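The values are calculated or read from the model by the stated rules, or taken from the named source; none is laboratory data. None of the values given here were measured: they were computed from a predicted structure. Glycine gets a Cβ as well: all are built from the backbone with ideal geometry, and neighbour counts include every protein chain shown.
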Amino acid sequence: MSHFSIKNGVMHAESVSLQRIAEQFGTPAYVYSRAALTAALAEFQDVLNAHPVGAGALVCYAVKANSNLAVLNLFARLGAGFDIVSGGELERVLAAGADPRKVVFSGVGKTAAEMQRALEAGIFCFNIESAAELERLNAVAGAAGKKAPISFRVNPNVDPKTHPYISTGLKEAKFGIAYDDALVLYQRAAALPNIAVAGIDCHIGSQLLDPAPFVEALDRILALVDQLAASGIRIHHIDLGGGLGIKYQEGQVQPTVASYLNPLLDKLAGRGVQVVLEPGRRLVGNAGLLLTKVEFLKPGEGKSFAIIDAAMNDLMRPALYEAWHDILPVVRRSGEVRAYDVVGPVCETGDFLGQARPLCIEAGDLLAVMSAGAYGMAMASNYNTRPRAAEVMVDGDQVFEIRRRETVAELYAGEQVLPA
């Protein structure tokens with residue numbers, strides 16, 4: 001079920017028209033559906049609860065996908081944990097009411113200060129990504145008089161068949177430790193006085209539409225778990241990461257959560273380990289859209305352009321990954337359909353949100369850039385001194401502003417000119 005639909009010829013988020021949102025909050029604006037967010041998390045929870053191995057699993061939402069406090073607070077209320085990659089994200093989830101005992105800390109460059117703060121908060125686990133990081137965490141934990149719970153993020157060297165920028169489990173990746181080094185590093189960790197070996201972690205990439213690589217990766221991880229057990233090191237949880245993809249355009253087949261999880265859970269039967277998951281995009285991607293207005297139509301001999309008030313600084317994915325987002329008119333018109341490059345006002349040729357899109361539109365029309373709930377606002381910038389968009393959450397027939405639009409004055413408030 002889509003929580004964004006056409007009613008009486010106008011696109012709605014749940015029971016609220018996007019026209020009303022544009023009138024009340026302006027454009028560009030990110031629009032999220034509370035019902036869609038809730039349903040996406042429930043799909044994971046329902047599959048896990050229905051499987052004997054899934055009972056007690058920890059679903060840690062990957063905060064980097066969308067870090068708005070309202071989104072985080074909603075997931076916390078629904079029982080989710082969180083996967084963080086910075087000290088800033090730790091402070092965000094704590095401010096949003098998260099239980100720190102449900103927080104896993106990933107990332108390749110944790111500072112000593114970030115480690116100290118996470119230990120102080122009492123997080124669930126550190127996902128360690130190098131030998132040097134292990135030694136630093138041991139020293140920080142020792143100075144704090146604590147033992148740090150850790151898992152190693154192990155690269156199983158499995159090809160996830162996704163965009164190379166979001167492929168993270170190959171041996172060439174900056175993430176994690178090499179599979180062949182894992183046993184020695186676990187033995188080192190077990191011998192350190194301020195480290196408590198808790199689990200093992202694996203994350204092979206993002207936007208995966210074929211569940212098969214997940215199974216291949218788990219097979220390699222389980223072989224390593226058996227080696228660790230033989231050397232006297234017990235693993236208490238297996239973190240299977242995230243990466244399950246979403247449908248961005250017609251023709252794509254979005255795998256169900258059940259088709260992804262059940263084969264993995266079946267393989268874990270009898271292992272006596274807790275399952276940890278780190279979904280991000282799958283929980284928020286199709287729960288949000290970017291609402292924008294057409295400023296000008298610019299027909300040309302080679303191309304025709306629809307110049308909108310959103311830009312690459314608002315939604316970076318098309319320029320960064322050549323990612324596709326469906327772009328739909330909020331109000332459907334009848335008339336000539338023309339192929340438009342949908343572009344923003346930023347001074348870059350790469351400033352496009354879609355190319356060669358068949359649209360029947362006029363200046364002043366509203367467009368909905370779909371599937372923008374993940375890595376949209378989270379990656380937004382102020383390039384060209386452009387204030388970032390407002391964010392709103394729709395809950396049935398109510399709309400809440402969950403982040404107001406920035407002002408230009410706020411963008412340079414921390415700057416100062418040199419004295420005369």
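Within the bounds of the stretch 285-308, is there any residue that is under 16 Å from the mean Cα position of the chain (by Cα) and either surrounded by fewer than 16 Cβ atoms within 10 Å (Cβ to Cβ) or under 23 Å from Cys125 (Cα atoms) (or both)?
no
Would you call Ser371 in a loop (DSSP other than H, G, I, E, B), in the same structural domain as Val16 (by TED's automatic domain parsing) and surrounded by fewer than 15 Cβ atoms within 10 Å (Cβ to Cβ)?
Spelling it out, it is not the case that Ser371 is in a loop (DSSP other than H, G, I, E, B), in the same structural domain as Val16 (by TED's automatic domain parsing) and surrounded by fewer than 15 Cβ atoms within 10 Å (Cβ to Cβ).
If you check Ala55 against the conditions, is it surrounded by fewer than 22 Cβ atoms within 10 Å (Cβ to Cβ), aliphatic (A, V, I, L, M) and either modelled with pLDDT under 95 or part of a loop (DSSP other than H, G, I, E, B) (or both)? Talk me through it step by step, then tell me what you get.
Numbers: surrounded by fewer than 22 Cβ atoms within 10 Å (Cβ to Cβ): yes; aliphatic (A, V, I, L, M): yes; either modelled with pLDDT under 95 or part of a loop (DSSP other than H, G, I, E, B) (or both): yes.
So Ala55 passes the test.
Going through the stretch 245-276 one residue at a time, which ones are under 15 Å from Val158 (Cβ atoms) and under 22 Å from the mean Cα position of the chain (by Cα)? Don't jump to the end; show me each part of the working.
So the first thing to find is which residues in the stretch 245-276 are under 15 Å from Val158 (Cβ atoms), and the list is 260, 263-264, 267.
Result: Tyr260, Leu264.
In this structure, does Glu43 turn out to be in the same structural domain as Asn382 (by TED's automatic domain parsing) and charged (D, E, K, R)? It would help to see each step written out before you state the result.
Numbers: in the same structural domain as Asn382 (by TED's automatic domain parsing): no; charged (D, E, K, R): yes.
It is false that Glu43 is in the same structural domain as Asn382 (by TED's automatic domain parsing) and charged (D, E, K, R).
Which condition number does Leu78 fail, the rest of (1) closer than 27 Å to Leu367 by Cα; (2) touching a Leu at 6+ places or on another chain (Cβ under 6 Å); (3) of a type in the set (A, V, I, L, M, F, W, C) being met?
So the condition that Leu78 fails would be (1).
Considering only the stretch 383-400, I want to know if a residue exists there that is part of a loop (DSSP other than H, G, I, E, B) and modelled with pLDDT under 95. Spell out the reasoning first.
Going through the stretch 383-400, the residues part of a loop (DSSP other than H, G, I, E, B) turn out to be 386-389, 396-397.
So of that shortlist, the ones also modelled with pLDDT under 95 come out as none.
No.
I'd like to verify a number: residues in the stretch 29-40 that are in contact with a strand residue (DSSP E or B) (Cβ under 7 Å, 6 or more places away or on another chain) and either part of a helix (DSSP H, G or I) or free of Cβ contacts under 8 Å to residues at least 60 places away in the same chain (or both), how many?
Here is the first cut: in the stretch 29-40, the residues in contact with a strand residue (DSSP E or B) (Cβ under 7 Å, 6 or more places away or on another chain) are 29-34.
Then keep just the ones that are either part of a helix (DSSP H, G or I) or free of Cβ contacts under 8 Å to residues at least 60 places away in the same chain (or both); that gives 34.
Total meeting the criteria: 1.
Here is a yes/no grid of residues against (1) closer than 30 Å to Leu366 by Cβ; (2) in contact with a strand residue (DSSP E or B) (Cβ under 6 Å, 6 or more places away or on another chain); (3) not assigned by TED's automatic domain parsing to the domain that holds Leu328:
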site	(1), (2), (3)
Phe25	yes, yes, no
Ala65	yes, no, yes
Asp83	no, yes, yes
Ala95	no, no, yes
Lys102	no, yes, yes
Thr111	no, no, yes
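Looking only at strands (runs of 3 or more DSSP E) that lie completely in the stretch 65-142, which have at least 2 residues being closer than 24 Å to Leu315 by Cα? If you could, list the steps in order and put the result at the bottom.
Working: elements: 81-84, 103-105, 125-128.
It comes to 81-84.
Does Ser106 satisfy the condition of being touching a Lys or Arg at 6+ places or on another chain (Cβ under 9 Å) and under 19 Å from Ala198 (Cβ atoms)?
Values: touching a Lys or Arg at 6+ places or on another chain (Cβ under 9 Å): yes; under 19 Å from Ala198 (Cβ atoms): yes.
Yes.
Taking the stretch 81-108 on its own, how many of its residues are surrounded by fewer than 23 Cβ atoms within 10 Å (Cβ to Cβ), of a type outside the set (A, V, I, L, M) and touching a helix residue (DSSP H, G or I) at 6+ places or on another chain (Cβ under 6 Å)?
Here the count works out to 4.
Among what's in the stretch 125-134 and is surrounded by fewer than 24 Cβ atoms within 10 Å (Cβ to Cβ) and of a type outside the set (Ser, Thr, Tyr), pick the residue that is farthest from His236 (Cα to Cα). Walk me through how you get there before you give the answer.
Within the stretch 125-134, the subset surrounded by fewer than 24 Cβ atoms within 10 Å (Cβ to Cβ) is 129-134.
So of that shortlist, the ones also of a type outside the set (Ser, Thr, Tyr) come out as 129, 131-134.
Numbers: Glu129: 18, Ala131: 21, Ala132: 23, Glu133: 21, Leu134: 18 Å.
Within the stretch 125-134, the match that is farthest from His236 (Cα to Cα) is Ala132.
Which residues, counting only those in the stretch 14-32, are in contact with a Leu (Cβ under 9 Å, 6 or more places away or on another chain) and farther than 26 Å from Asn382 by Cβ? Talk me through it step by step, then tell me what you get.
Initial filter on the stretch 14-32 (in contact with a Leu (Cβ under 9 Å, 6 or more places away or on another chain)): 18-19, 21-22, 25, 27-32.
Across the stretch 14-32, the qualifying residue is only Gln19.
Here is a list of conditions, (1) in the same structural domain as Val294 (by TED's automatic domain parsing); (2) under 16 Å from Phe400 (Cα atoms), and Leu69 meets all of them except one; can you say which number that is?
It fails just one condition, (1).
Specify which of the listed residues (Arg333, Arg357) is at pLDDT below 95, more than 23 Å from Arg405 (Cβ to Cβ) and either surrounded by fewer than 17 Cβ atoms within 10 Å (Cβ to Cβ) or not hydrophobic (A, V, I, L, M, F, W, C) (or both).
Values: Arg357 fails: at pLDDT below 95.
One residue alone meets the criteria, Arg333.
Closer than 30 Å to Arg20 by Cα, of a type in the set (A, V, I, L, M) and part of a helix (DSSP H, G or I): does that describe Val284? Let's see the steps before the verdict.
On the way: closer than 30 Å to Arg20 by Cα: yes; of a type in the set (A, V, I, L, M): yes; part of a helix (DSSP H, G or I): yes.
It is true that Val284 is closer than 30 Å to Arg20 by Cα, of a type in the set (A, V, I, L, M) and part of a helix (DSSP H, G or I).
Look at Leu328 and say whether it is surrounded by fewer than 20 Cβ atoms within 10 Å (Cβ to Cβ), over 30 Å from Phe124 (Cβ atoms) and modelled with pLDDT of 95 or more.
Criteria met by Leu328.
Every residue, every condition in (1) within 15 Å of Ala196 (Cα to Cα); (2) in contact with a helix residue (DSSP H, G or I) (Cβ under 8 Å, 6 or more places away or on another chain); (3) at pLDDT below 95, yes or no:
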residue: Lys110; (1), (2), (3): no, yes, no
residue: Arg117; (1), (2), (3): no, yes, no
residue: Glu120; (1), (2), (3): no, yes, no
residue: Ser167; (1), (2), (3): no, no, yes
residue: Lys171; (1), (2), (3): no, yes, yes
residue: Lys174; (1), (2), (3): no, no, yes
